[in-house]
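S.K.: Pasting in a structure now, in structure tokens, and then I'll have a few things to ask.
The values are calculated or read from the model by the stated rules, or taken from the named source; none is laboratory data. Predicted model, so just to flag it, every value in this text is computed and none were measured. All Cβ positions, glycine included, derive from the backbone under ideal geometry; neighbour counts span all protein chains shown.
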């Protein structure tokens, strides 16, 4: 997912970053030898919202967080927390406060880390995981951005996955190549859920890779931005269900950072997800 990350009380930085995915309602994930998670006895929703919450929690940005937290009563939400292209170099009191409130409201919180497509040394990424835990102990997992898509680099992410799960018991690990990737990323496993699509165009023709049929819908996510109408957003949500995609975020925001606010039709998106999940 495209990334624009916030510095404390500052404007957004340019870059790429990912979104991300699983909802607050899931129980602990147990992995079978084949890499497919066994779910808890709690019934999984058909669709869950995963939101790159790239707005600083003060002023207008705090208002967006308030909307997000209020919606968690109606639909399962995962929010990617991103103070400064990761946890930053020191704790931020506004982020500490909003993560405390959001978790209490039922939002699933995952901290952003970029891997630069394995160019960032693994020990440096692991150090960022430790920093997240130290600065913001209420996070419940990690969003791993800038994931490679070829099988040759899966080992890097498998080791990172093991490290995250060892440091955060029951952690939700999300990753984002932003496009289709090799099945090795789920077979190892390297993440609990992977984003297979992130773009402002092409979702109408998007199809998951054939190997995705071997896994549950809750292993996959898509994200579409610059989607101009609520009607098209609703159509995309229905298409995600047909395509066996469990985690979705659609927004009408666009530009250098399409994740600096919630979509103007956010309440309608939450209501649409709620309706889908109530349908048996």
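S.K.: Being within 18 Å of the chain's Cα centre (by Cα) and crowded, with 18+ Cβ neighbours inside 10 Å is the requirement here; does residue 265 meet it? Can you show your working first?
M.R.: Values: within 18 Å of the chain's Cα centre (by Cα): no; crowded, with 18+ Cβ neighbours inside 10 Å: yes.
Spelling it out, it is not the case that residue 265 is within 18 Å of the chain's Cα centre (by Cα) and crowded, with 18+ Cβ neighbours inside 10 Å.
S.K.: Under the condition of being more than 30 Å from residue 188 (Cα to Cα) and without any contact (Cβ under 8 Å) to a residue 60 or more places away in the chain, which residue from the stretch 239-262 is surrounded by the most Cβ atoms within 10 Å (Cβ to Cβ)? Break it down into steps so the answer makes sense when it comes.
M.R.: Taking the stretch 239-262 as the starting set, the residues that turn out to be more than 30 Å from residue 188 (Cα to Cα) are 251-262.
In the following step, the residues that additionally are without any contact (Cβ under 8 Å) to a residue 60 or more places away in the chain were identified as 251-255.
Working: 251: 24, 252: 21, 253: 16, 254: 12, 255: 11.
So, considering only residues that are more than 30 Å from residue 188 (Cα to Cα) and without any contact (Cβ under 8 Å) to a residue 60 or more places away in the chain, the one surrounded by the most Cβ atoms within 10 Å (Cβ to Cβ) is 251.
S.K.: For the stretch 83-107, what are the residues that are touching a helix residue (DSSP H, G or I) at 6+ places or on another chain (Cβ under 9 Å) and outside any loop (DSSP other than H, G, I, E, B)?
M.R.: Our first condition is that a residue be touching a helix residue (DSSP H, G or I) at 6+ places or on another chain (Cβ under 9 Å); within the stretch 83-107, this holds for 83, 86-92, 94-96, 98, 101-102, 104-107.
94, 95, 96, 98, 101, 102, 104, 105 - these are the residues of the stretch 83-107 that are touching a helix residue (DSSP H, G or I) at 6+ places or on another chain (Cβ under 9 Å) and outside any loop (DSSP other than H, G, I, E, B).
S.K.: Spot the failing condition for residue 218; the list is (1) surrounded by fewer than 16 Cβ atoms within 10 Å (Cβ to Cβ); (2) within 17 Å of the chain's Cα centre (by Cα), and only one is missed.
M.R.: With respect to (1) surrounded by fewer than 16 Cβ atoms within 10 Å (Cβ to Cβ); (2) within 17 Å of the chain's Cα centre (by Cα), residue 218 is out only on (1).
S.K.: Please go through the stretch 118-134 and pick out each residue that is surrounded by 15 or more Cβ atoms within 10 Å (Cβ to Cβ), more than 24 Å from residue 49 (Cα to Cα) and in contact with a helix residue (DSSP H, G or I) (Cβ under 8 Å, 6 or more places away or on another chain). Full working, then the answer.
M.R.: Kept after step one, since they are surrounded by 15 or more Cβ atoms within 10 Å (Cβ to Cβ), are these residues of the stretch 118-134: 118, 120, 122, 125-126, 128-129, 131-133.
Then keep just the ones that are more than 24 Å from residue 49 (Cα to Cα); that gives 118, 120, 122, 125-126, 128, 131.
Those that are surrounded by 15 or more Cβ atoms within 10 Å (Cβ to Cβ), more than 24 Å from residue 49 (Cα to Cα) and in contact with a helix residue (DSSP H, G or I) (Cβ under 8 Å, 6 or more places away or on another chain): 118, 122, 125, 126.
S.K.: I'd like the full set of residues that are surrounded by fewer than 18 Cβ atoms within 10 Å (Cβ to Cβ) and at pLDDT below 95, limited to the stretch 36-74.
M.R.: Answer for the stretch 36-74, where residues must be surrounded by fewer than 18 Cβ atoms within 10 Å (Cβ to Cβ) and at pLDDT below 95: 36, 38, 39, 40, 41, 42, 43.
S.K.: Please tell me if residue 84 is touching a residue at least 24 places away in the same chain (Cβ under 8 Å) and at negative phi.
M.R.: Numbers: touching a residue at least 24 places away in the same chain (Cβ under 8 Å): yes; at negative phi: yes.
So residue 84 passes the test.
S.K.: Another question, if that's okay. Looking at (1) buried (at least 19 other Cβ atoms within 10 Å of the Cβ); (2) assigned to a loop (DSSP other than H, G, I, E, B); (3) more than 17 Å from the chain's Cα centre (by Cα), find the lone condition where residue 137 falls short.
M.R.: Here residue 137 clears every test but (1).
S.K.: Of the residues 99, 115, which is closer than 20 Å to residue 153 by Cβ and touching a strand residue (DSSP E or B) at 6+ places or on another chain (Cβ under 9 Å)? Step through it out loud before you land on a result.
M.R.: Details: 99 fails: closer than 20 Å to residue 153 by Cβ.
Exactly one residue qualifies, and that residue is 115.
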